[in-house]
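Notes follow once the structure below has been shown.
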Amino acid sequence: MKIITVIGSGLIGRSWAMVFASGGYTVKLYDNQAGQAANAMTEMKKQMMELQEVGMLRGQLSAMQQLALLSSHEDLPQALQGAFFVQECVFENLEVKQNLFRDVERLVGEDVILSSSTSCLVPSAVFLSVQNRSRCLVSHPVNPPYYVKLVELVPHPETAVAIIENTYALMTEVGQVPVRLKKEIDGFTINRVQAAIIAECWRLVQDGIISVQDIDLVMSEGLGMRYAFIGPMETMHLNAPEGLGDYMKRYGEGIRRVLRSFGPVPDFFAEDAKSVISEMCELVPNNERHLSARRERRDQLLMGLAHLKKDH
């Protein structure tokens, strides 16, 4: 019986628990807030039954078989007992994560892999309080990981190669698509690329070039259509008769010219930023009802896209 402990029962923790259970692993979901892990179990059961109804439940096991692999815990030592892999999913607070991993290390054996879901804290900071950092890494998912399968594996400077390879194998086995970073960097790769897109989209709206609605269409109906199946490097390679080198001969100087025209990093908290936020909130009001409906729509569309990608 291979046991994985997921620490934190929020959206990311629940999604990770479902991913690991879909791969046939016994999953212990821990939360130090009374009743939170138990509530998460109820929510996961609802989701998994709905996924099964529409034929989108991951893995070879039925929803009830997967649910039988899940358990909720409020006692950390009990939750960690027997685990070979720990996936931390608590909120983005460096001190909280450092203290948690210090406590976890005291409760598990030397061969247990310690993994964090952090999206913006580098491993050398997250695992500062851990004595044996050779078994530590960041496994950063895209939210929600049940529908978006990419996960970045980011090593601590002291992480053993075998730990990265074993985690890569685990993530592949449960249906995720892992990528290996060769060393840590602020923002990892997903958020660095995303930050570049956010910055230029924000500048184009703020400078009066295009509306919030239309810049989103540039991605969803333009670049995003092909990026859902091939990345920017292959896109360039396919967009010239003789591949990437030919593409750069044709368009490289134009790209350099455009890059030089980019403005400074936007101030997302300046007074004129309020107009961008207001424009977005007119399209999708920032109340729970509207945001929840759009999130549900997002997840449904991601589920459909995941189904399409699976068949291609």
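Some points to look at:
- Flag for Gln131 being exposed (fewer than 14 other Cβ atoms within 10 Å of the Cβ) and polar (S, T, N, Q): yes
- Matching option when the condition is closer than 22 Å to Pro264 by Cα, modelled with pLDDT of 95 or more and more than 20 Å from the chain's Cα centre (by Cα), among Arg203, Arg192: Arg203
- Test set (1) at pLDDT below 95; (2) surrounded by fewer than 18 Cβ atoms within 10 Å (Cβ to Cβ); (3) not in a helix (DSSP H, G or I) - Leu61 fails condition number: (1)
- Just one of the numbered conditions (1) within 23 Å of Leu302 (Cβ to Cβ); (2) open to solvent by 40 Å² or more (accessible area, probe 1.4 Å); (3) in a helix (DSSP H, G or I) is not true of Leu51: (2).
- Unique residue being under 16 Å from the mean Cα position of the chain (by Cα), over 18 Å from Phe91 (Cβ atoms) and either open to solvent by 10 Å² or more (accessible area, probe 1.4 Å) or touching a residue at least 24 places away in the same chain (Cβ under 8 Å) (or both) when the list is Glu152, Glu165: Glu152
- Summed over region 11-21, residues that are in contact with a helix residue (DSSP H, G or I) (Cβ under 8 Å, 6 or more places away or on another chain) and open to solvent by 10 Å² or more (accessible area, probe 1.4 Å) total 1.
- Exclusive hit being among the charged types (D, E, K, R), modelled with pLDDT under 95 and surrounded by 13 or more Cβ atoms within 10 Å (Cβ to Cβ), set Asp299, Asp246: Asp299
The values are calculated or read from the model by the stated rules, or taken from the named source; none is laboratory data. If you're wondering where the values come from, they're calculated on a predicted model, not measured in any experiment. Counting neighbours? That spans all protein chains shown, and the Cβs are built from the backbone with ideal geometry, glycine included. Ligands, DNA and RNA are stripped out before the accessible areas are found, and what is left, the full protein with its side chains, is counted by its heavy atoms. Shrake-Rupley method; radii C 1.70, N 1.55, O 1.52, S 1.80 Å.
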